[in-house]
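Below you'll find the structure, written out as structure tokens, and then a few comments.
Computed from the coordinates by the stated procedures, all read-outs in this text should not be read as laboratory data. In this text, all values refer to a predicted model and were calculated from it rather than measured experimentally. Don't worry about glycine lacking a Cβ; one is built from the backbone with ideal geometry, like all the others, and counts go over all protein chains shown.
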Amino acid sequence: MAHAQSRNQNRHQDQDQDRSVTEVLIVGAGPTGLTLACDLARRGVSALLVEQAPALFPGSRGKGLQPRTQEVFEDLGLLDAVHAAGRPYPRMVSWENGERQGEWDLVGRAEPEPTVPHPAVWMLPQWRTQELLHDRLRELGGEVVLGTALSGLDQHPDRVEARLTGPDGTARTVTARYLVAADGGRSTVRRAVGIPMAGEQVDPRPALVADVEIDGLDRENWHCWPKGPGGALLLCPLPSTTAFQLFAQFGEEGGAGGNGPGENGPGENGPGETGGGAEPDVSAEGVRRTVAARTHLSESAVGAVHWASAFRPRAALAERFREGRVFLAGDAAHIHSPVGGQGLNTSVQDAYNLGWKLGQVLRHGADESLLDSYEQERLPIAADVLEISTRLHRAGGVRAGALRRGPRTEQLGLGYEDGPLTVEARPGLPEEALRAGERAPDAPLDGASTDGAPLDGAGPHRLFELFRGPHVTVLAVGHPLPPLPAGVHGHRVDGGVAEQAYGRGLFVVRPDGYLGLATHDPADLPAYLARFGLR
């Protein structure tokens, strides 16, 4: 009897493998797909992450991590590794006729504040960010299936059936509850489901980006030749490597300063998104000739060329971010000019917004209508960020980027105040008060008490420590903590910076670190939490 039962179990397992069933299929293992896979893994949601290329993306491309993205990575458990591998932005230095002309900061210097623990943009090449996300995914029990392309899909009322082709040409069908397109600006998934993307060319001039070894330059500065023949050229030392990221603008006579790569390199467009006209020479020899023509360095000063690509900056936005059970995220949904360092960071935020909602539906029984809020919240944000990056690009130069930074470019000031999950139920708030829909700020718990008792040395020391993890948090600030449903983390905090930052009340902190409900009345909590499947 036991043997028969074992044979039946093995047969069922074989059938399951043949069906290739998963809860979420993620197409594309860039920063977007990897972030989403990490978030779903820690929620216990089964996800299959496939990538068409035989390896993760090898270039520096998006190299600037905004403060808000660092907060996401802290929550996901990889910020220490990100900080160890990266560095603050170096000062820019201009060169002319082989002589240094002066230095300036592209990215402003800022010290941590009680409510903003990571105030400055952090430099880390995209390939290294992806490696660290991949490492974290493995720690959480996930993996990337490389060399696997989507060749077609069919939607049904309760599932998506996707046809995948492996590196050996073998085809299989995967059945998933949901599919997420994280496959870039030329998204195969977006085209398969028929979602239009409207956009414009931000700059008609082609540009070259490459990761190269350079002799004869210090690694303490980001070096700029704004008046090089044919256009500007910049060389930025990449942290934890011996390489520099090269950016060269083409199509200018005598050079005109150039727009430069911002923090994120040219990066969200990728090769093949360049439009018409002659392309920069991306061969190793072509890269060396470009450096020698525009700088005081010789061709022999350029060593290995690890990666090179040509592009023209574009801005584009998908008409919608959802079609049935298929969602668009990252570059598949929005393409940015590189100036301002918004593309990679906005993509990570997409994944962070969608991940917890899929988790609440698939693990906590929330109504599927919760997933409608993904597009309702993220599409307006993407449109706003596109306007920022396009405006910075057209403002005219790398120096212009340094003059227009603040909570919006840092993505700390972007929120969901008008979103469908936002309920502000406290009347008569002063203008400067924190409101529902905004980012939930950090605060040290020194000088405060939590859960009605003074803090001891072993307890949490920051609000972000209370929020960390895949759960919903109810924060009672200067207010009694009412009974809460299972699975909701509740904390009472009295006094200190936390009360100064939040004011008094009951605050529902969403798993992605935004305030959902703000109220004084405990009776508002049950119906609101039920929207997340928490009863």
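Compared with the alpha-carbon gap, the fully stretched path from T242 to S369 is longer by 40.8 nm at 0.36 nm per residue. Of the trypsin sites (Lys or Arg not before Pro) found in segment 274-368, those in coil by DSSP whose Cβ has at most 16 other Cβ atoms within 10 Å are R320.
Subtracting the Cα-Cα distance from 0.36 nm times the residue separation, let me have the gained length for E417 to A84 in nm, one decimal.
The span from E417 to A84 would gain 116.4 nm if fully extended.
Summing Lys and Arg as +1 and Asp and Glu as -1 over all other residues whose Cβ lies under 14 Å from the Cβ of G142 gives a net charge of -2.
With the convex hull constructed from alpha-carbon coordinates only, segment 423-530 shows a mean projected area of 6.4 nm² over all directions.
Electrostatic bookkeeping for D158 treats Lys and Arg as +1 and Asp and Glu as -1; over the other residues with beta carbon under 9 Å from its beta carbon, the sum is +3. Computed about the Cα centre, the dipole magnitude for segment 423-530 is approximately 200 debye when only Lys and Arg (+1) and Asp and Glu (-1) carry charge, each at its Cβ. Close amide H contacts of V21 (hydrogens built in the peptide plane, cut-off under 5 Å, sequence separation of 5 or more or a different chain): T175. The charge dipole of segment 46-109, taken about the Cα centre with unit charges on the Cβ atoms of Lys, Arg (+1) and Asp, Glu (-1), comes to about 100 debye, rounded to the nearest 20. The stretch between S283 and A486 holds 67.2 nm of extra length on full extension. This uses 0.36 nm per residue minus the Cα-Cα distance. Along the axis of the charge dipole computed for segment 423-530 (Cβ charges of +1 for Lys and Arg, -1 for Asp and Glu, origin at the Cα centre), the listed residues A527, L475, H491 are led at the positive end by A527. At an R0 of 30 angstrom, the distance between the Cβ atoms of R159 and H461 translates into a FRET efficiency of 0.10. The modelled label-to-label distance between E319 and T173, using points 7 Å beyond Cα along the C-beta direction, is 2.8 nm. On the beta carbon distance between S298 and Q500, with R0 = 41 Å, the FRET formula returns roughly 0.10.
With R₀ fixed at 30 Å, the C-beta to C-beta distance from E143 to A383 puts the FRET efficiency at about 0.30.
Model label sites at E220 and E131, defined 7 Å from Cα along the beta-carbon direction, differ in position by 2.6 nm. Within segment 64-161, the trypsin sites (Lys or Arg not before Pro) that combine a DSSP coil assignment with at most 13 other C-beta atoms in a 10 angstrom radius are R109.
For F532, the shell of other residues with beta-carbons less than 13 Å away shows a net charge of +3, using +1 for Lys and Arg and -1 for Asp and Glu.
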